[in-house]
Amino acid sequence: MTKKERYEKAIAYFEANRPFAETELVYQKPYELIVAVILSAQCTDVRVNLITPPFFRKFPDENVLAKAKEKDVFELIKSCSYPNNKTKNLIGMARTLVENFNGIVPDDVDELQKLPGVGRKTANVIASVVFNKPAMAVDTHVFRVSARIGLTTNAKNPLEAEKQLVKHIPEG
């Protein structure tokens with residue numbers, strides 16, 4: 001089977017079985033999705049969805065979170081993994097969003113990565129889910145599986161795999 005045929009088969013499968021790619025994370029606006037995705041690192045979506053309702057009641061937007069005390073953020077997210085780092089990243093993300101982006105979540109992957117706690121994978125999630133951009137969130141699992149089933153060739157890392165995979169994202 002050629003690589004083109006493998007892509008066609010994979011795309012056909014997902015169109016039939018998961019026609020609407022969507023996140024399990026519950027959010028209403030871009031700020032909320034960034035918070036949820038930062039919290040989701042090494043944590044289940046179920047746990048994040050338990051944490052975020054009280055979090056968003058206390059910190060409804062980036063302006064409020066930017067002024068937060070670490071202990072207040074930590075108290076709300078302590079049940080997720082790495083709460084100390086995530087506390088710092090969440091407050092830093094909010095401050096950077098307010099100070100450098102006028103509170104507007106950027107739609108560009110490179111700009112998103114300027115926010116603390118937002119790496120390439122998170123930036124790709126935000127770009128694709130919120131802004132419907134042709135972006136691919138490649139983690140270790142996607143990197144390995146895409147190579148195993150022949151969708152990528154000789155990719156040395158997730159970024160190389162992403163560059164190969166994103167070429168095949170269907171339009172629309």
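Just wondering, is there one or more residues in the stretch 68-88 that are assigned to a helix (DSSP H, G or I), under 15 Å from residue 30 (Cβ atoms) and among the aliphatic types (A, V, I, L, M)? So far as the stretch 68-88 goes, no, none of its residues is assigned to a helix (DSSP H, G or I), under 15 Å from residue 30 (Cβ atoms) and among the aliphatic types (A, V, I, L, M). Applying the set (1) part of a loop (DSSP other than H, G, I, E, B); (2) surrounded by 10 or more Cβ atoms within 10 Å (Cβ to Cβ); (3) not aromatic (Phe, Trp, Tyr) to residue 21 leaves exactly one unmet item: (2). Selection of the stretch 148-172 for residues being in a loop (DSSP other than H, G, I, E, B) and surrounded by 15 or more Cβ atoms within 10 Å (Cβ to Cβ) yields 151, 152, 155, 168. Residue 28 falls short on exactly one of the conditions (1) open to solvent by 90 Å² or more (accessible area, probe 1.4 Å); (2) under 24 Å from residue 136 (Cβ atoms); (3) modelled with pLDDT of 85 or more; (4) in a loop (DSSP other than H, G, I, E, B), and that condition is (2).
Working carefully through the options 109, 105, 98, find the one that is closer than 23 Å to residue 161 by Cβ, of a type in the set (A, V, I, L, M, F, W, C) and open to solvent by less than 70 Å² (accessible area, probe 1.4 Å). Break it down stepwise before answering.
Values: 105 fails: closer than 23 Å to residue 161 by Cβ; 98 fails: closer than 23 Å to residue 161 by Cβ.
Exactly one residue qualifies, and that residue is 109.
Within the stretch 43-66, one or more residues are under 27 Å from residue 159 (Cα atoms) and either outside any helix (DSSP H, G or I) or open to solvent by 90 Å² or more (accessible area, probe 1.4 Å) (or both). Candidates in the stretch 3-43 are the residues that are among the polar types (S, T, N, Q) and under 13 Å from the mean Cα position of the chain (by Cα); of these, the one that is nearest to residue 128 (Cα to Cα) is 23. Scanning the stretch 119-147 for residues that are closer than 13 Å to residue 33 by Cβ, open to solvent by 30 Å² or more (accessible area, probe 1.4 Å) and in contact with a Leu (Cβ under 7 Å, 6 or more places away or on another chain) gives 129, 130.
The values are calculated or read from the model by the stated rules, or taken from the named source; none is laboratory data. Keep in mind that what you see is a predicted model, and the values were worked out from it rather than measured. Because the Cβ atoms are built from the backbone with ideal geometry, glycine has one as well, and the counts that use them run over all protein chains shown. What goes into the accessible areas is simple: the full protein's heavy atoms, side chains included, and nothing from ligands, DNA or RNA. Shrake-Rupley method; radii C 1.70, N 1.55, O 1.52, S 1.80 Å.
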